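**Student:** I have a structure I would like to understand better, so I am pasting it below and will then ask my questions one at a time.
The values are calculated or read from the model by the stated rules, or taken from the named source; none is laboratory data. Worth saying up front: this structure is predicted, and the values here are computed from it rather than measured. Quick reminder, even Gly has a Cβ in these numbers, built from the backbone with ideal geometry, and neighbours come from all protein chains shown.
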Amino acid sequence: MTLSDFSLDFFRLDGKVAIVTGGNTGIGQGFVVALAKAGADLLVSTHGTNWEETKKLIEAEGRKIEFIQADLAKKEEIRKVVDKCIKVYGKVDILVNNAGTIRRNPLIEYKKEDWQAVIDLNLNAVYYLSQEVAKIMVKQKSGKIINVASMLAFQGGKFVPPYTASKHGVAGITKAFANELACHNIQINALAPGYIETANTAAIREDEKRNNEILSRIPAEKWGSPFDLMGAVIFLASRASDYVNGHILAVDGGWLVR
């Protein structure tokens with residue numbers, strides 16, 4: 001390839017099929033809309049059935065979208081997601097492991113069942129779903145897996161020990177999968193969102209003291225929104241990032257460099 005061969009079409013996803021977990025609200029919904037705008041058709045797994053708004057947004061872009069209700073914390077339900085994608089579209093080019101949960105409690109009060117619930121969804125589901133999709137991508141000799149990490153893939157946090165452990169684990173899985181699958185023309189990277197305005201962060205933003213602490217550390221001096229992650233997911237899902245592998249991309253307004 002020569003320099004003149006580069007094209008902005010490398011950021012397009014026409015003809016591609018993407019699975020996005022937890023893609024009906026917040027950051028996940030932003031990923032789904034971004035991928036559709038770039039040309040991809042979608043399969044979205046959710047834990048509920050509140051997908052009408054997302055369906056309308058994608059159909060407005062002229063793209064196809066299918067939904068499946070699945071509890072990804074249960075290993076047996078992961079296969080259902082992959083099977084439906086293959087049944088509907090015949091392939092999977094992109095996997096975005098977005099689904100996750102967080103439970104807050106002081107360390108010495110943390111319950112075993114809360115630890116297990118967070119690890120099962122945030123870490124085990126990422127591993128098992130990526131493994132199943134990788135089997136298909138290896139046969140295709142191409143694919144993109146995008147994991148969702150966190151600022152707590154770099155830091156310790158407070159009151160969320162399993163969440164922190166799971167996001168450090170997501171970073172590790174990203175690097176491990178990249179080492180094994182790069183030779184098959186598969187790229188595995190992760191996005192690490194900073195402090196983003198979603199329903200999950202509403203309580204923190206409403207706490208004036210905590211909100212001010214966060215804002216004082218962000219060089220951009222504002223919270224991010226799902227909109228701020230849309231360009232990044234397109235980049236990592238597209239041909240434009242073919243030589244980017246095993247990377248954790250922070251989208252944080254500068255939080256980590258403060």
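**Student:** Checking Ala18 against (1) assigned to a helix (DSSP H, G or I); (2) under 23 Å from Val82 (Cβ atoms), which single condition isn't satisfied?
**Tutor:** Ala18 satisfies all of (1) assigned to a helix (DSSP H, G or I); (2) under 23 Å from Val82 (Cβ atoms) except (1).
**Student:** Is there any pair linking a residue in segment 78-103 that is surrounded by fewer than 23 Cβ atoms within 10 Å (Cβ to Cβ) to one that is aromatic (Phe, Trp, Tyr), with Cβ under 9 Å and at least six apart or on different chains, and which?
**Tutor:** Final answer for the pair search is Arg79/Tyr128; Thr101/Tyr163; Ile102/Tyr163; Arg103/Tyr110; Arg103/Trp115; Arg103/Tyr163.
**Student:** In segment 236-251, what residues are surrounded by fewer than 20 Cβ atoms within 10 Å (Cβ to Cβ) and assigned to a helix (DSSP H, G or I)? Explain how you work it out, then say what you get.
**Tutor:** Initially, segment 236-251 is screened for residues surrounded by fewer than 20 Cβ atoms within 10 Å (Cβ to Cβ), giving 239-240, 242-249, 251.
Those that are surrounded by fewer than 20 Cβ atoms within 10 Å (Cβ to Cβ) and assigned to a helix (DSSP H, G or I): Arg239, Ala240.
**Student:** Go over the candidates Thr49, Thr54 one by one and state the one that is over 19 Å from Leu121 (Cα atoms) and not aliphatic (A, V, I, L, M).
**Tutor:** Just one listed residue meets the conditions, Thr54.
**Student:** So, one more: Take the conditions under 27 Å from Ala36 (Cβ atoms) and assigned to a loop (DSSP other than H, G, I, E, B) and apply them to Val92. Does it pass? Lay out the reasoning, then the answer.
**Tutor:** Numbers: under 27 Å from Ala36 (Cβ atoms): yes; assigned to a loop (DSSP other than H, G, I, E, B): yes.
Taking the combined requirement at face value, the residue satisfies it.
**Student:** Is there a residue being surrounded by 14 or more Cβ atoms within 10 Å (Cβ to Cβ) and either in contact with a strand residue (DSSP E or B) (Cβ under 9 Å, 6 or more places away or on another chain) or of a type in the set (Asp, Glu) (or both) anywhere in segment 104-111?
**Tutor:** no
**Student:** Moving on. Are any of the residues in segment 51-70 in a loop (DSSP other than H, G, I, E, B), modelled with pLDDT of 95 or more and within 15 Å of Ile146 (Cα to Cα)?
**Tutor:** Of the residues in segment 51-70, the ones in a loop (DSSP other than H, G, I, E, B) are 51, 60-64, 70.
Of the ones still in play, those that are also modelled with pLDDT of 95 or more are 60-64, 70.
Restricting the remaining residues to those that are within 15 Å of Ile146 (Cα to Cα) gives none.
Within segment 51-70 (the criterion being in a loop (DSSP other than H, G, I, E, B), modelled with pLDDT of 95 or more and within 15 Å of Ile146 (Cα to Cα)), the answer is no, since none of the residues qualifies.
**Student:** So, one more: Are there any helices (runs of 4 or more DSSP H) wholly within segment 116-220 with 1 or more residues that are touching a residue at least 12 places away in the same chain (Cβ under 8 Å) and crowded, with 16+ Cβ neighbours inside 10 Å, and if so which?
**Tutor:** Numbers: elements: 125-140, 161-181, 202-206, 208-217.
In segment 116-220, the matching helices (runs of 4 or more DSSP H) lie at 125-140, 161-181, 208-217.
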